[in-house]
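Colleague: Got a structure for you, written out below as structure tokens; questions coming shortly.
The values are calculated or read from the model by the stated rules, or taken from the named source; none is laboratory data. All figures in this text were calculated on a predicted structure; none of them were measured in a lab. All Cβ positions, even for glycine, are placed from backbone atoms using ideal geometry, and neighbour counts span all protein chains on display. Side chains included, ligands, DNA and RNA excluded: accessible areas come from the protein's heavy atoms. Shrake-Rupley method; radii C 1.70, N 1.55, O 1.52, S 1.80 Å.
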Amino acid sequence: MWNAVKGLFFGSENSSAPPAAPPPAAPPPPAPVAKESKSKSKHHPKQHQKQQPPPPPPPPPAAVTPKPKPSDLIELKPEVRSKPLLKAIPYVLPDDFADNCSAAMALPTVTIDAHQSLLLGCSFSKCGKLIASCGFDRTIWIWELENNNIPVLLRKLQGHSNVVECCSFSNDSSLLVSGGRDNTVRIWNVRTGQQKLLITGHTDFVLDCAFSRDDSRVISCSEDRTVRVWDVNGNQIENFKKHSKAVLSCGFSSDGTKAVSCGKDKTIRIWDLINSQQLTVIGGHRGTVWNCEISPDGLSVLSCSEDRTVQIHDITGVPLITMFGHYDGVRDCGFSPGGTRIVSCGTDGTVRVWDTTGNQLAVMIGHEGMVNRCCFGPNARRVLSCGDDKTLRLWRVDSFLGITY
């Protein structure tokens, strides 16, 4: 019995080794992996929160490329394509100007600064002894050229109630027609200075006007998108309405059978005055067409535009010549009486003379701002111009070109 109790408390005599260790406990099942959470751990925030790299900075906004203007689309000559527009005064000639041996530079022989406002229109009489100017002061000034070509003011024509946009002498130099922002066309007696006729009918600004070669009719165009022809008694003969925007320029052909017009719709239109219909639409310019004119022989059309070019098309609309040289929009252009030379002027402050093959013959500088109008005198030896600098300038072009027109 003692041995049984002894074996119970002290183990068996035959077990000399220590009792076997209990089997190791099975490892606990892996804890479920929690999904990453933006919330911080309550006990170990740094241990349980995954460090995220800072977000990349947002990309810069894409540059917005402005839609090019028509004047920026024109293909300039390679040597001047990278040059900025020369709008600053005084005017600076391009670096390559001296390389053009056929071009010359001239200064005005006479400058008239009597006006106190911007000048929009000027005209040379066919007799060569009178010039006219008009503008923001609502008057037309008539000047007489003395033997030394010094203008003497003869009279001021007053009657328009708003800005006078245009003026033009009759072919016998006895009358002058004008148009303005009072929506009227007026005919004046040049000798007396009295208004001879008031023509109404346009419903917006009258922007250009001219006599036919035989002085029996007047043509006018307007912001109201129409081209109208009147007899000298003020009766309306034609009213063409094909332009979709303001009509800026108009004129007769030398034989009086056709008319031409152009405007903000970028078109030039030829009109048949015998059959009262549109003949041709010319769309070669890429911007507003500021002026147009049919050549003295009636075979071609001259035009100038905001796209910086002067162009010649034949009367059917086929392009013939494109002239590059102006550094900004070209506001006016015209043939010499014989049709062998062209004059143009524009926003770059210059007046330029060309031949009909597109060669630039002269650049005339002096205006301090936009030049709005230019025209040859009757013998093509002088050019008249006016502009935003409130001056009227007379240029002798034969003295430096050495060319008989």
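Colleague: Looking at segment 381-392, is at least one residue closer than 28 Å to Pro319 by Cα, open to solvent by 30 Å² or more (accessible area, probe 1.4 Å), part of a loop (DSSP other than H, G, I, E, B) and of a type outside the set (Ser, Thr, Tyr)?
Modeller: Checked segment 381-392: no residue is closer than 28 Å to Pro319 by Cα, open to solvent by 30 Å² or more (accessible area, probe 1.4 Å), part of a loop (DSSP other than H, G, I, E, B) and of a type outside the set (Ser, Thr, Tyr).
Colleague: Okay, next question. For segment 108-167, please list each of the strands (runs of 3 or more DSSP E) lying entirely inside it that holds at least 1 residues being basic (Lys, Arg) and under 21 Å from Val206 (Cβ atoms).
Modeller: Counting at least 1 such residues, we get 151-158.
Colleague: Return yes when Ile131 is under 30 Å from the mean Cα position of the chain (by Cα), buried (at least 24 other Cβ atoms within 10 Å of the Cβ) and closer than 25 Å to Gly349 by Cβ and no when it is not.
Modeller: When the stated conditions are applied, Ile131 passes them.
Colleague: Working carefully through the options Phe169, Phe136, find the one that is closer than 21 Å to Ser220 by Cα and surrounded by fewer than 19 Cβ atoms within 10 Å (Cβ to Cβ).
Modeller: On the way: Phe169 fails: surrounded by fewer than 19 Cβ atoms within 10 Å (Cβ to Cβ).
Residue meeting the stated conditions: Phe136.
Colleague: Give segment 260-288 a look and list any residue that's open to solvent by 30 Å² or more (accessible area, probe 1.4 Å) and among the small types (Gly, Ala, Ser), or say none.
Modeller: Ser276, Gly283, Gly284
Quick grid of which residues meet (1) out of contact with any Gly (no Cβ under 7 Å at 6 or more places or on another chain); (2) surrounded by 15 or more Cβ atoms within 10 Å (Cβ to Cβ); (3) at pLDDT 95 or above:
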site: Ala106; (1), (2), (3): yes, yes, no
site: Ile112; (1), (2), (3): yes, yes, no
site: His115; (1), (2), (3): no, yes, no
site: Leu175; (1), (2), (3): yes, yes, yes
site: Arg191; (1), (2), (3): yes, no, no
site: Leu198; (1), (2), (3): yes, no, yes
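Colleague: Just give me the residues in segment 156-166 being in contact with an Asp or Glu (Cβ under 6 Å, 6 or more places away or on another chain) and either open to solvent by 30 Å² or more (accessible area, probe 1.4 Å) or under 15 Å from Val218 (Cα atoms) (or both), in sequence order. Give the derivation first.
Modeller: We begin by selecting, within segment 156-166, every residue in contact with an Asp or Glu (Cβ under 6 Å, 6 or more places away or on another chain); these are 160-162, 166.
Those that are in contact with an Asp or Glu (Cβ under 6 Å, 6 or more places away or on another chain) and either open to solvent by 30 Å² or more (accessible area, probe 1.4 Å) or under 15 Å from Val218 (Cα atoms) (or both): Ser161, Asn162, Cys166.
A quick yes/no check of all residues on (1) among the basic types (Lys, Arg); (2) at pLDDT below 95:
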| site | (1), (2) |
| --- | --- |
| Cys122 | no, no |
| Gly128 | no, yes |
| Ser133 | no, no |
| Arg138 | yes, no |
| Leu153 | no, yes |
| Val164 | no, no |
| Ser170 | no, no |
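Colleague: I've got another one for you. Could you list, in sequence order, the residues of segment 180-197 that are assigned to a loop (DSSP other than H, G, I, E, B) and touching a Phe, Trp or Tyr at 6+ places or on another chain (Cβ under 9 Å)? Reasoning before the result, please.
Modeller: To start, the set of residues in segment 180-197 that are assigned to a loop (DSSP other than H, G, I, E, B) comprises 181-184, 190-194.
Answer for segment 180-197, where residues must be assigned to a loop (DSSP other than H, G, I, E, B) and touching a Phe, Trp or Tyr at 6+ places or on another chain (Cβ under 9 Å): Arg181, Asp182, Asn183, Val190, Gln194.
Colleague: Given (1) modelled with pLDDT under 95; (2) open to solvent by 50 Å² or more (accessible area, probe 1.4 Å), identify the lone condition not met by Pro319.
Modeller: Exception for Pro319: condition (1).
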